[in-house]
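Before we start, here is the structure in question, set down as structure tokens.
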Amino acid sequence: MKIREISPIVLTSKEGGSATWASTMILVRVVTSDGTTGYGEAVPTLRVSQVFRAVEQVAKSLVGKDVERLERNYHDWYLQDFYLSRSFESATAISAVDIALWDLVGKELGAPLHLLLGGKFRDSVPVYANGWYRDCITPEQFAERAKELVRKGYKGLKFDPFGRYFDWIDEKGLREAEERVKAVREAVGDEVEIMIEHHGRFNANSSVEIARRLGKYNPLFMEEPVHHEDVEGYRKYRRSTNVRIALGERLISLKEALFYLREGLMDVIQPDVTNVGGVTVARKVCALAEAFGVEVAFHNAFGSVQNAVSVQLASVIPNLLLLESFYDWFPSWKRDLIFNETVVEDGHAKVTGRAGIGVSINEKLLEELEADPKTLEVKEEPVWVVQGTWK
């Protein structure tokens, strides 16, 4: 099959989710010479219009080429874009197209993605909850919401207890964070995993102090405790703490992942299939991590197509730790977009056997939600935090 058309589609609705980014989604539709349609997803954040244009530019390179030549198609864009290794917009655009091409190959062969990647290693994917603590400020609010998760069957949850602190944190902030973490740990007990989200926003000294205060609550990992690009900070954090480190959602290439792995800066890697290079690169990152003895917990925060692909990938790799899941905290239209085909039950995501990425797209809803790409408003509360917690 030949690639006939590559189109970015912005979706939005008045119904938001647990974070600012949740109200927007960027799908990429690839149509073949015989009319078959495949879908991928790109990252919105504050770059909706830029990513939209980046997808259009990728289309100029790949339209007319063979759908099935997945490795070659990625490499052809690598050849064309001199700045791919430094451009998030370019990386997420080619990632979305790559996902759609895998979707098409699966449909052509009548096989789900997990079968194309070697078959299921597990029949269901263990997930941890994120997005659940919207508007939680007090320890009591965090604790009550955490109890609800356990009642729903979740065995793991992640949250950011740091309020509006950025770069540094003082004694007041440390005390507030500890009170929240302590309340959650006491609410869920020792059998439920907790993970501490730092959003990559602290300097090394502050993150080390955080680890010393919160390590006693036995977090499964500390996520992005230091700014992503602060390699020296991560080295200091590694030398100064004994907590497990998770990072990787901002990685945009295989070779960047190799650098952090070789430096020994993580225990858990968190590649995002929508910006690391799609399925083609994500599966290589997982294999590389396996060789380094590092577990995988895919970053999975944006939309239902990303979630579907991440579930498929998570089902096949031997070194999976857990999969992040916002699924139950998506706005309902994101679940409706895929006919709610990847439900979470008892802390596990359903692995579907549908050909391609494992879900079908509600074309009627897609038409209803399509919108022009626009720049987003910038507010005091950053888009990367769960809403109502920047206090």
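Computed from the coordinates by the stated procedures, all read-outs in this text should not be read as laboratory data. Worth saying up front: this structure is predicted, and the values here are computed from it rather than measured. Virtual Cβ from ideal backbone geometry, glycine too; neighbours counted across all protein chains shown.
Please give, to one decimal in nm, the separation of the simple spin-label points placed at L115 and E171, each 7 Å out from Cα toward the Cβ.
So the two model labels end up 6.4 nm from each other.
Here's another thing I want to ask about it. Check which residues have an amide H placed less than 5 Å from I245's amide H, if you skip close sequence neighbours.
It is M222, D267, V268, by chain and number.
With each run of n ≥ 4 DSSP H residues scored as -39500 (n - 2.57), what mean residue ellipticity at 222 nm is computed for the chain after dividing by its residue count and rounding to the nearest 500 deg cm²/dmol?
For the chain, the value works out to -12000 deg cm²/dmol.
How many angstrom lie between the Cα centre of the stretch 320-351 and the Cα centre of the stretch 233-265?
28 Å
Compute a Gaussian network model of the chain, connecting alpha carbons closer than 10 Å, and tell me which residue from Y165, Y154, Y83 fluctuates the most.
Comparing Y165, Y154, Y83 in the GNM, the peak value goes to Y83.
Highest GNM mean-square fluctuation, the chain, Cα pairs closer than 10 Å: which of L365, L214, L27?
Comparing L365, L214, L27 in a Gaussian network model of the chain, the most mobile one is L365.
Whole-Hz ³J(HN,Hα) for each residue in the stretch 141-151, computed from phi via Karplus 6.51 cos²θ - 1.76 cosθ + 1.60 with θ = phi - 60°, x for glycine and proline: what do you get?
Taking θ as phi minus 60°, the curve returns 5, 4, 5, 5, 5, 5, 4, 4, 4, 4, 5 Hz for the stretch 141-151.
Taking the Cβ of each residue in E5, E176 as the centre, tally the other Cβ atoms inside 10 Å and list the residues starting with the fewest. Numbers along the way, then the final one.
Details: E5 12, E176 19.
Ranking E5, E176 by Cβ neighbours within 10 Å, fewest first, gives E5, E176.
Using all C-alpha to C-alpha distances in the stretch 294-391, build P(r) with 10 Å bins and read off the rounded percent in each one.
Percent of Cα pairs in each bin: 13, 39, 32, 15, 1.
Across bins of 10 angstrom width beginning at 0, how are the C-alpha pair distances of the stretch 3-112 distributed, in whole percent?
Bins of 10 Å from zero give 15, 46, 29, 10, 0 percent of pairs.
Now, a different point. Between A349 and residues 5 or more places away or on another chain, which pairs have amide H atoms under 5 Å apart, with H built 1.01 Å from N, and which residues are they?
Here the answer is V125, V127, since their amide H atoms fall under 5 Å of that of A349.
Mind telling me which of R122, R262, R238 comes out most flexible in a GNM of the chain, alpha-carbon contacts under 10 Å?
Top of the fluctuation ranking is R262.
Which pairs, out of K2/K284; K182/K350; K147/K236; K120/K216; K284/K350, put more than 30 Å between their alpha-carbon atoms?
K182/K350; K147/K236; K120/K216
Just the number, please: percent antiparallel of the DSSP beta bridges in the chain, rounded to the nearest 5.
Among the beta bridges of the chain, antiparallel pairing accounts for roughly 55 percent.
Find the eigenvalues of the gyration tensor of the Cα atoms of the stretch 131-240, then list the square roots of 5 times those eigenvalues as equivalent ellipsoid semi-axes, largest first, in whole angstrom.
Sorted largest first and rounded, they come to 24, 14, 12 Å.
To continue, here is another question. Per-residue HN-Hα couplings for the stretch 252-262, Karplus 6.51 cos²θ - 1.76 cosθ + 1.60 at θ = phi - 60°, whole Hz, x for Gly and Pro?
Each residue's phi maps through the Karplus curve to give 10, 6, 5, 6, 5, 4, 4, 4, 5, 5, 5 Hz.
Taking neighbour Cβ counts within 10 Å as the exposure measure, how do E197, E377, E263 sort from fewest upward?
E377, E263, E197
Could you go through the stretch 175-180 in sequence order and give the Karplus-derived ³J(HN,Hα) for each residue, using 6.51 cos²θ - 1.76 cosθ + 1.60 with θ = phi - 60°, rounded to whole Hz, and x for Gly and Pro?
My calculation for the stretch 175-180 gives 5, 5, 5, 5, 4, 5 Hz in order.
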